[in-house]
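We did not get these values from a lab; they are worked out from the coordinates using the rules stated. All values reported here derive from a predicted model rather than from experimental measurement. As a convention, Cβ positions derive from the backbone with ideal geometry for all residues, glycine included, and neighbour counts pool all protein chains shown.
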Amino acid sequence: MTQKVAVITGGATGIGRSTAILLASKGIKMVISGRREAAGQKAVEEIRARGGDAAFIAVDVDNEAHVRRLIEFAVEKFGRLDLAVNNAGISNETKTIGESDPANFQAMLQTNVMGVYLCMKYEIQQMLKNGGGSIVNLASIAGLNGIPYAGPYAATKHAVVGLTKSGGLDYATQNIRINAVAPGAIKTDIIAGSIAQGQYDEATISAMHPMARMGNPEEIARGIAWLLSDEASFVTGHVLNIDGGFQAK
């Protein structure tokens with residue numbers, strides 16, 4: 001993995017941050033993007049303090065010009081693009097479908113679906129110039145199942161699975177592998193927000209998983225790193241469950 005260049009969206013916090021730190025520890029040059037510049041710069045400083053090489057750029061992934069600039073920035077900074085993690089996503093509501101707000105659903109569609117689509121589009125274009133690459137999208141157990149109080153969010157993550165599988169087929173003979181991870185409930189800001197809205201508590205969420213606990217961002221990062229690596233060279237169009245046994249029920 002040494003000397004490869006990676007882009008990670010939503011890389012300032014949570015799963016994105018843990019993944020950026022892990023990849024940088026393997027010698028990968030990291031471009032971190034996100035909406036919160038202070039958090040992004042803090043992640044870059046942490047990577048550099050550990051001997052890695054990273055840069056931050058402020059990006060709103062549902063803005064096509066921003067996404068195009070993200071890929072241009074990575075190439076200007078480090079000369080190429082080999083790896084990408086499309087991690088940026090939001091969950092802004094925990095309600096039944098009948099009580100849900102269409103504006104909230106539209107916001108999730110823009111970030112979680114259009115954001116992943118736009119990132120894939122421009123990442124793939126650049127990777128074709130390089131001769132190949134590897135992409136991992138962030139899906140969810142909500143992309144494989146129905147989840148109470150999360151219908152719109154689940155719909156967006158189902159779309160991410162569709163983009164992943166179709167993209168994997170589109171480029172299977174062009175040396176670009178496209179996969180996804182489907183995390184269970186992970187201790188991130190999104191879960192904290194759901195708990196704060198009152199529909200769930202940590203004990204209830206933990207009990208949904210056969211391992212009887214929530215996951216940690218580092219556990220997802222390790223799965224992402226494997227899918228990106230040459231150790232997964234015969235894997236494409238795949239959704240890797242990292243969910244404490246949730247999908248096995």
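Listing for the model above:
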item: Over the chain: helical MRE at 222 nm, DSSP H runs n ≥ 4 each giving -39500 (n - 2.57), nearest 500; result: -13500 deg cm²/dmol
item: Relative contact order of the chain, defined on C-alpha pairs under 8 angstrom at six or more residues apart (%); result: 19 percent
item: Part-to-part distance (alpha-carbon centres) for the stretch 7-32 and the stretch 124-152, which is given in Å; result: 16 Å
item: Part-to-part distance (alpha-carbon centres) for the stretch 189-215 and the stretch 82-115, which is given in Å; result: 19 Å
item: Correct option for Cα Rg over 2.2 N^0.38 Å [calculated from the coordinates] among (i) 2.26; (ii) 1.07; (iii) 0.95; result: (iii)
item: Listed residues Arg50, Arg222, Arg80, most fluctuating in the chain (Gaussian network, C-alpha, under 10 Å); result: Arg50
item: Relative contact order of the stretch 1-53, defined on C-alpha pairs under 8 angstrom at six or more residues apart (%); result: 40 percent
item: Proxy reagent accessibility, fewest Cβ within 10 Å first, across Phe73, Phe56; result: Phe73, Phe56
item: Only Lys, Arg (+1) and Asp, Glu (-1) charged, at Cβ; the chain dipole about Cα centre in debye; result: 480 debye
item: Efficiency of FRET from Cβ geometry, Arg213 and Val235, R₀ 35 Å, rounded to 0.05; result: 0.85
item: GNM top mover of Asn112, Asn63, Asn86 - the chain, alpha-carbon springs below 10 Å; result: Asn63
item: Relative contact order %, the stretch 137-238, counting alpha carbon pairs below 8 Å whose residues are six or more apart; result: 32 percent
item: Burial ranking of peptide ranges 9-18, 162-171 (average Cβ count within 10 Å, highest at the top); result: 9-18, 162-171
